[in-house]
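Accompanying notes for the structure given below.
The values are calculated or read from the model by the stated rules, or taken from the named source; none is laboratory data. Keep in mind the model is a prediction, meaning the values are calculated, not measured. Cβ: placed from backbone, ideal geometry, glycine included. Neighbour counts: every protein chain shown.
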Amino acid sequence: MVFTPFEPDPPLPKRRRFRPIPVRTLVPNLITLLALCAGLPAMRLAVEGKLEWAVAAIVFAATLDGIDGRVARLLKGTSRFGAELDSLADFVNFGVAPALMLYFWGLQELGHAGWIAAMVFAISMSLRLARFNATIDDPNKPAFAANFFTGVPAPAGAITVLLPIYVAFLDVGRWPAALTAGYTLLIAFLMVSRLPVFSGKRVGKRVAPEMVLPVFVLVVLFFALLISYPWMVLTTGTIIYLASLPFGYLSYRNYERKDAAVAAGAGVAAAAPPQPPLPAGHAPAEHPSEEERPARLN
């Protein structure tokens, strides 16, 4: 054995090998990135004055946003990375892009006030998404809360806030800049509010076999109308959505009352003292036997 006056070099640590990523987790993230690739060009199109294509890009991004989550749950490919990527894409697609579109379309007529309205909408979108991420894993939420959003969700906020542009393309009159700014602030308030909004996440998970073909026909008909009459469909859909918000609140309150009644009944049953057992052959006083009923009536 040969001894050296120098200490031997420590062994090099093994290189960490990253685990292969399943394809089922990549597909939803690719859909989210495709939606982001639709939202970013919308800002450029708005600057160039091509608002028709900018609105189409936002609608396309909203459609993809509604698909990626369902695909992730269907493929069991949900991940924390995908949730964070989806939130960042939503902020750009449905917060920054619509705000800039409205500003370049008409809010810039108000100067600094118009820019403040657009900025408040974008900031409200970021706050709404941050609140959603913070409460998504809340274990104290009631079971029925999974059917509702807290405040208007991001895609719906983007689609509804562009209503002044839809109306302008219908040639029924252009909204004044001040009215557009007030409407923008109203949608921003609805997004950060505590208003319960029906989510529809559990709608369409199961379709009866006899309803498959009618559903296909309705979907094709909707997109055909959207392509043929985009401004009429978007305007009508936005008005119907805004008018349905109070019904979502009433439905949520109804669920709350039922849940409180069930909890109160369970509490009363748990607090009631146990009743001593009755002798054999005797029925409880609340439910008299056939022989006891005539005596009870006399």
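Some values worked out for this structure:
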{"item": "Residues of the stretch 142-191 satisfying the condition of being at pLDDT below 85 and surrounded by fewer than 17 Cβ atoms within 10 Å (Cβ to Cβ)", "result": "142, 143, 144, 146, 171, 172, 173"}
{"item": "Any pair with Cβ under 9 angstrom, 6 or more apart, that starts in the stretch 93-104 at a residue that is farther than 20 Å from residue 33 by Cα and ends at one that is among the aromatic types (Phe, Trp, Tyr) and assigned to a helix (DSSP H, G or I)", "result": "99/121; 102/121; 103/115"}
{"item": "Yes/no for residue 287 being in a loop (DSSP other than H, G, I, E, B), modelled with pLDDT under 75 and surrounded by 10 or more Cβ atoms within 10 Å (Cβ to Cβ)", "result": "no"}
{"item": "Within the stretch 155-202, tally of residues that are part of a helix (DSSP H, G or I), under 21 Å from residue 116 (Cβ atoms), of a type in the set (A, V, I, L, M) and touching a helix residue (DSSP H, G or I) at 6+ places or on another chain (Cβ under 8 Å)", "result": "14"}
{"item": "Residue in the stretch 108-121 that is out of contact with any helix residue (DSSP H, G or I) (no Cβ under 8 Å at 6 or more places or on another chain) and at pLDDT 95 or above present", "result": "yes"}
{"item": "Close pairs (7 angstrom Cβ cut-off, 6 or more residues apart or separate chains): of a type in the set (Val, Ile, Thr) in the stretch 36-47, surrounded by fewer than 22 Cβ atoms within 10 Å (Cβ to Cβ) and in a helix (DSSP H, G or I) anywhere", "result": "47/104"}
{"item": "Output for the stretch 212-250, where each listed residue is closer than 28 Å to residue 193 by Cα, of a type outside the set (A, V, I, L, M, F, W, C) and touching a residue at least 60 places away in the same chain (Cβ under 8 Å)", "result": "235, 237, 238, 241, 248"}
{"item": "Candidates 198, 189 - the one that is of a type in the set (Phe, Trp, Tyr) and touching a Gly at 6+ places or on another chain (Cβ under 7 Å)", "result": "198"}
